[in-house]
Amino acid sequence: MGIITPMKQIKQLNLGVKYMLISSFLFALMGAFAKLSSEHMSSLEVVFFRNIFGVVIIGFAIWKSPLRNLGGKPFLLFFRGFMGFISLLAYFYNIAHISLGDAVTYSKTAPIFTAIFAWLFLKEKLTLNSWFAILVGFGGILLITQPSGIGFSKYDILGIFSGIGAALAYTSVRELKNYYDIRAIVMSFMLTGTVAPFFLLLISPYFQIPELDFMLGEFIMPEGIVWLYVAGMGILATLSQYYMTKAYGETKAGIVGAVSYTNIVFAIIVGLFLGDSLPTFVTTCGIVLIVFAGIIVAKQK
């Protein structure tokens, strides 16, 4: 068994950090293409095109090397796919209607909720530091949402749900990885995120419910430059996942998880080029608290 020298450890750390920075930047660019696509189609259709690229890529990987599954958890597998889909739907709807930085910040609350769900459902222990991080994270959410006398806005609710839905999906993955090939778990998400939007697009003309506009929409065939937006979104999402996977393979999960919060910074910068305004002082404080909380949770793991 070889000895890992300090220089080798530093090299692995640098590689992991570099890959995660690339992943975070690509993810922010993916959000920009999703925002541009949303100007020409519904968020539901954006989710459809986002996932169909993944189905093709993962499907090809499975065709090249068949799955090796123990199986036995079909309902949990479906749950992972469904929660991932509706979380992504809420996320893309917010991308279309609020600043890119705010939408990404809401989604980055997922590790905080994951810690809670892992404690509730998987009986994982939470340290005092983790509980402190959770409280700080909720404080950050309150500063961003700034609820008025009438409560949270629709975008606040969907933003928080994008974090909760992703957390439930991530928590289920911790159990599913003991029974299924990781590609099968990813495919459950991609396939659900393709079939469900297709079905909702078919039935949308028969429903006129303004409150549910985030999950309804008319199918509009992309034309001209919109195809570039759609293709860019799918390709960048895939590349972002690729580099994120490489990052976790090179460096400790806690370090990589902490670096992943640069995604918010990249999203704010990219959003400025799309016409977003800079976050207010109160919102910035909320973002800082969520990043701080997420880093603490990541370090605990």
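Quick notes on this structure:
- Subset of region 221-259 that is aliphatic (A, V, I, L, M), closer than 18 Å to Pro197 by Cβ and touching a helix residue (DSSP H, G or I) at 6+ places or on another chain (Cβ under 7 Å) - its residue that is surrounded by the fewest Cβ atoms within 10 Å (Cβ to Cβ): Val226
- Subset of region 153-191 (residues that are hydroxyl-bearing (Ser, Thr, Tyr) and either closer than 15 Å to Leu76 by Cβ or crowded, with 18+ Cβ neighbours inside 10 Å (or both)): Tyr155, Ser162, Tyr170, Thr171, Ser172, Tyr179, Tyr180, Ser188
- Residue in region 120-130 that is in a helix (DSSP H, G or I) and closer than 16 Å to Ser172 by Cα present: yes
- All positions within region 118-130 that are closer than 13 Å to Ile295 by Cα and surrounded by 13 or more Cβ atoms within 10 Å (Cβ to Cβ): Ser130
- Selection from region 64-111 of residues that are among the hydroxyl-bearing types (Ser, Thr, Tyr) and either surrounded by fewer than 17 Cβ atoms within 10 Å (Cβ to Cβ) or within 23 Å of Leu272 (Cα to Cα) (or both): Ser65, Tyr91, Tyr93, Ser99, Thr105, Tyr106, Ser107, Thr109
- The residue list Thr145, Thr171 contains one member that is touching an Asp or Glu at 6+ places or on another chain (Cβ under 9 Å) and β-branched (Val, Ile, Thr), which is Thr145.
- Residue count for region 266-301 satisfying the condition of being under 17 Å from Lys35 (Cβ atoms) and among the aromatic types (Phe, Trp, Tyr): 2.
- Among the residues listed as Val226, Val195, Val282, Val256, the single one being closer than 27 Å to Asp156 by Cβ and among the hydrophobic types (A, V, I, L, M, F, W, C): Val282
- Qualifying residue in region 57-67 (condition: within 29 Å of Leu200 (Cβ to Cβ), basic (Lys, Arg) and either free of Cβ contacts under 8 Å to residues at least 60 places away in the same chain or part of a helix (DSSP H, G or I) (or both)): no
- Output for region 193-214, where each listed residue is under 22 Å from the mean Cα position of the chain (by Cα), within 21 Å of His97 (Cα to Cα) and surrounded by fewer than 20 Cβ atoms within 10 Å (Cβ to Cβ): Leu212, Asp213
- Among (1) touching a residue at least 40 places away in the same chain (Cβ under 8 Å); (2) of a type in the set (Val, Ile, Thr); (3) surrounded by fewer than 22 Cβ atoms within 10 Å (Cβ to Cβ) - the single one Thr114 does not satisfy: (3)
Each reported figure results from applying straightforward, stated rules to the coordinates on display, with no laboratory input. Just so it is clear, the structure is predicted and the values come from calculations on it, not from any experiment. As a convention, Cβ positions derive from the backbone with ideal geometry for all residues, glycine included, and neighbour counts pool all protein chains shown.
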